[in-house]
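The values are calculated or read from the model by the stated rules, or taken from the named source; none is laboratory data. Treat the numbers as computed from the prediction; the structure is a model and nothing was measured. Here the Cβ is made from the backbone with ideal geometry for all residues, glycine too, and neighbour counts use every protein chain on show.
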Amino acid sequence: MFARDVLLGRHATGPRVLVVGAGPVGMEVAEYLAVQKKQVTIVEFTDRFGVGQEDGHLYWVMETLRNLGAVLLNCTRVEAIEADGSDRIQREGQPGLLGPFDNVVLAAGYEPNDEIVQQLRARMPAVQVIGDAVKPRSAVQAIFEAAEVARAIQSSRLTPPFTKCLRCSTFVTTRGPHTGRG
Ligand SMILES: Cc1cc2nc3c(=O)[nH]c(=O)nc-3n(C[C@H](O)[C@H](O)[C@H](O)COP(=O)(O)OP(=O)(O)OC[C@H]3O[C@@H](n4cnc5c(N)ncnc54)[C@H](O)[C@@H]3O)c2cc1C
């Protein structure tokens, strides 16, 4: 099953869950399940957990996972899922078995589906693609790109009238004085 289906409550899991992928989504779904008292194991192919997550938030997610007894395995690649629910893995190059698990939750990354973009572009020239439809990133990025397009449409200017404030790091309009309130 996929992480988003678990987080949206579309699928319930059994008590023993393997989460594949420890990016922000994997960490979030692992925490969500651990808080529900599931026995969570999270495996990550690289040597780092939560890459892309804000440091302070990641610290508390890691604390929660450890306190709730979740098992975090880095440098581990899932090779195959066996019929009995166990998982064949490679950990730092060494083969091994994990589990068995009742469910495997995949959080190994997203790719945009641009089928609809191609269809629309065949009918109309000015189709703007923003947010995760370009590439899955963050809500902040999606909102910024939406604001850029909205401003460009409103003013019919091609260059977006936004810049990043050096003092407070918010994106501000270049058209008037910045009040410091974002
Ligand atoms: C578990 C998780 C945690 C996250 N946490 C953070 C975080 O803490 N901070 C952060 O900045 N970002 C976070 N993100 C990323 C953030 O959610 C996304 O980057 C952001 O939602 C992208 O916005 P969007 O509008 O491009 O896409 P979405 O928010 O995915 O919105 C797209 C919408 O379009 C709808 N849709 C899709 N296809 C069609 C269609 N054919 N017709 C009509 N509607 C359609 C979808 O149902 C959806 O409602 C997280 C993502 C996940 C999955």
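Some values worked out for this structure:
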quantity	calculated
Single residue of Val29, Val51, Val61, Val25 found to be within 14 Å of Asn103 (Cβ to Cβ) and either of a type outside the set (Asp, Glu) or part of a loop (DSSP other than H, G, I, E, B) (or both)	Val29
Any chance Arg66 is more than 14 Å from the ligand (Cβ to nearest atom) and part of a helix (DSSP H, G or I)	yes
Subset of the range 1-30 that is within 14 Å of the ligand (Cβ to nearest atom) and basic (Lys, Arg) - its residue that is nearest to the chain's Cα centre (by Cα)	Arg4
Residue list for the range 97-138, restricted to those being surrounded by 14 or more Cβ atoms within 10 Å (Cβ to Cβ), touching a residue at least 24 places away in the same chain (Cβ under 8 Å) and under 19 Å from the mean Cα position of the chain (by Cα)	Val104, Val105, Leu106, Ala107, Ala108, Tyr110, Pro136
Residue within the range 40-63 that is of a type in the set (Ser, Thr, Tyr), free of Cβ contacts under 8 Å to residues at least 40 places away in the same chain and surrounded by fewer than 15 Cβ atoms within 10 Å (Cβ to Cβ) present	yes
Val40 being in contact with a Leu (Cβ under 7 Å, 6 or more places away or on another chain) and closer than 22 Å to Arg137 by Cα	no
Residue satisfying all of: in the range 117-144; closer than 22 Å to Val25 by Cα and charged (D, E, K, R); nearest to the ligand (Cβ to nearest atom) among these	Asp132
Residue count for the range 31-57, restricted to those that are more than 12 Å from Leu73 (Cβ to Cβ) and under 13 Å from the mean Cα position of the chain (by Cα)	5
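Let's see how each residue does on (1) within 13 Å of the ligand (Cβ to nearest atom); (2) assigned by TED's automatic domain parsing to the domain that holds Leu7; (3) out of contact with any Lys or Arg (no Cβ under 7 Å at 6 or more places or on another chain):
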| site | (1), (2), (3) |
| --- | --- |
| Phe45 | no, yes, no |
| Gly50 | yes, yes, yes |
| Gln53 | yes, yes, yes |
| Leu72 | no, yes, yes |
| Thr76 | no, yes, no |
| Arg88 | no, yes, yes |
| Gly93 | no, yes, yes |
| Gly96 | no, yes, yes |
| Phe101 | no, yes, no |
